[in-house]
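Only one structure is covered here, and it is reproduced in the block below.
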Amino acid sequence: MKKIILSLLLCSSLGAAAQDYIPPKEQEVQQKLKQWQDKKFGIIIHWGLYSIPGIVESWNLSSEEEDWIPRPKDTNYDDYKKWYWGLSKQFNPVKFNPEAWAKMAKDAGMQYVVFSTKHHDGFNMFDTKQTDFKITNPEVPFSKNPKSNIAKEVFNAFRKEGLWVGAYFSKPDWHSENYWWPYYATSNRNNNYSIDKNPERWNAFKQYTYNQLEELASQYGKLDLFWLDGGWVRPSNPEKYKGDKSYKGSQDIDMDKIAGMLRGHQKDLIIVDRSVHGIYENYTTPEREIPEKPLNYPWEACDPLGDNWGYVPNDPMKSTNKVIHTLAEIISKGGNYLLGIGPDGNGEFDPRVTKTLKEIGGWMKTNGEAVYGTKPVAPYAEDNFRFTQKGNAVYAFYLVPENNLQLPQNLQFSFPKKFKKVSVLGSNKAVKFEQKGNNISIQTSDIKQQPHAVVFKME
């Protein structure tokens, strides 16, 4: 039932996005989006205070009764918040090695990174001048490390490896007294005071957010995209909330002003104002879900490798087979795949993460031709096959079942084009095939077994 509800919500959301999607008016941004769509595979890294105890990122601070917010039941809420925010004085990730991270991502076939500069808990992984709640605060042990300005180190390392870089930034900030005012209790993820009655407080928060984003846009080198999370911080229609005492006012953060400033510093910047359909949602980001059909606007499916975005000990992990099948599914529908991982409090990744990324990279070295720069092509999918196209070539991904040791003797599918040659990526040798009308049959006796997915190039 939960999956059905999620699917219905996703379809509703994507339907609204299709109706509301507005391409950016700037030619430079339109061109940048086309280049981004060709990259296909990216990595998002969640890292912060939550990585020290290995818990769900930020959300334990929100006083909402959800199964996925596992706050200890024997702990007073206010005491818990003090403990959580006090973790900053323990943060000392001495194994932080951004160069190794960047090489790992590049070797896995990723072409862009999104790094968490600040999550909802308000702890800044960059040297902001707007607050002392940051990695470079002298009270934070790691502040004395020459690599203490973590976001800058990450961005520089990934750029050197040739990847595009993006900044994840949470619009809500639960540590800011101008978002969660200590005068009132914090009942949920939203601001906890009336914006209408306290406009000066909200205006101070807006300025704070603007200033932080300007720091990132002007002091951290070339950035390719801003991934703005926390879609509940958005304008809303007060008429919709009449009589609702929980409504505190439209959380309008003035995206016109923010976007103007960001693109004033970097004119071709992609802006992803997540789930806020309109001019600043340059591409949509369905989370943990894949649309049923191809979408006619830019989109990116984001999904963690484990159950959690950040580091959690013993977190169940998706197999390499699952990740590669998911990638094929997404690109066959014209999307990009943003895979989420997170290092622990020392700055190291779970060995299972590094192993999986290495295996993905091995597969991508052979089959990347069918991934990067491709377009979806009908019929998109048939049974265990997924299809992409580039130039005059069509690529058919045969998704090998998990732990399957032998291909069927014949692989069959239908495709509405006539082909002269079929080969397997990784080999220049043509394979035997027969085509009758739209029906294609490939003999596999001479094909070397490949793990995860075999890709046929049809010309």
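The values are calculated or read from the model by the stated rules, or taken from the named source; none is laboratory data. For clarity, every value in this text was computed on a predicted model and none was experimentally measured. For neighbour counting, all protein chains shown are included, and Cβ atoms are generated from backbone atoms with ideal geometry for every residue, glycine included.
Close contacts from the range 28-45, counting a first residue that is part of a helix (DSSP H, G or I) and a second that is of a type in the set (Lys, Arg) and surrounded by fewer than 22 Cβ atoms within 10 Å (Cβ to Cβ), with Cβ to Cβ under 7 Å and a gap of 6+ residues or different chains, come to Glu28/Lys267.
Of the candidates Gly362, Gly368, Gly347, Gly373, the single residue that is under 26 Å from Met104 (Cα atoms) and free of Cβ contacts under 8 Å to residues at least 12 places away in the same chain is Gly362. Within the range 49-58, can you find the residues that are buried (at least 19 other Cβ atoms within 10 Å of the Cβ) and on the phi < 0 side of the Ramachandran plot? Result: Leu49, Tyr50, Ser51, Ile55, Glu57. Among the residues of the range 406-419, those identified as assigned to a loop (DSSP other than H, G, I, E, B) and surrounded by 12 or more Cβ atoms within 10 Å (Cβ to Cβ) are Leu407, Phe415, Lys417, Phe419.
From the list Asn428, Asn403, Asn438, which one is outside the structural domain of Lys40 (by TED's automatic domain parsing), at pLDDT below 95 and either surrounded by 18 or more Cβ atoms within 10 Å (Cβ to Cβ) or in contact with a Pro (Cβ under 6 Å, 6 or more places away or on another chain) (or both)?
That would be Asn438, the only listed residue that is outside the structural domain of Lys40 (by TED's automatic domain parsing), at pLDDT below 95 and either surrounded by 18 or more Cβ atoms within 10 Å (Cβ to Cβ) or in contact with a Pro (Cβ under 6 Å, 6 or more places away or on another chain) (or both).
Considering the range 80-132, the residues that are aliphatic (A, V, I, L, M) and farther than 22 Å from Leu338 by Cβ include one that is surrounded by the fewest Cβ atoms within 10 Å (Cβ to Cβ), namely Val94. The residues on offer are Val140, Val154, and the sole one that is farther than 24 Å from Ser62 by Cβ and either touching a helix residue (DSSP H, G or I) at 6+ places or on another chain (Cβ under 7 Å) or crowded, with 18+ Cβ neighbours inside 10 Å (or both) is Val154. Suppose the filter is part of a strand (DSSP E or B) and either free of Cβ contacts under 8 Å to residues at least 60 places away in the same chain or surrounded by fewer than 21 Cβ atoms within 10 Å (Cβ to Cβ) (or both); does Ile271 pass it? Yes.
Within the range 317-343, the residues that satisfy the criterion of being within 15 Å of Pro304 (Cα to Cα) and charged (D, E, K, R) are Lys318, Lys322. Only residues that are on the phi > 0 side of the Ramachandran plot and touching a strand residue (DSSP E or B) at 6+ places or on another chain (Cβ under 6 Å) were counted across the range 277-297, and they come to 1. Among residues that are touching a residue at least 40 places away in the same chain (Cβ under 8 Å), in contact with a Phe, Trp or Tyr (Cβ under 9 Å, 6 or more places away or on another chain) and in the same structural domain as Gly347 (by TED's automatic domain parsing), Trp68 is not included.
Which one is surrounded by the most Cβ atoms within 10 Å (Cβ to Cβ) among residues in the range 217-263 that are among the small types (Gly, Ala, Ser) and closer than 22 Å to Glu287 by Cβ?
So the residue we want is Gly230.
Here Gly54 meets the list (1) closer than 18 Å to Pro182 by Cβ; (2) under 25 Å from the mean Cα position of the chain (by Cα); (3) small (Gly, Ala, Ser) almost entirely, failing just condition (1).
From the list Asp229, Asp273, exactly one residue is among the acidic types (Asp, Glu) and touching an Asp or Glu at 6+ places or on another chain (Cβ under 9 Å). Which is it?
Exactly one of Asp229, Asp273 is among the acidic types (Asp, Glu) and touching an Asp or Glu at 6+ places or on another chain (Cβ under 9 Å), namely Asp273.
Of Asn203, Asn178, Asn192, Asn188, all but one fail to be assigned to a helix (DSSP H, G or I) and assigned by TED's automatic domain parsing to the domain that holds Leu269; the exception is Asn203.
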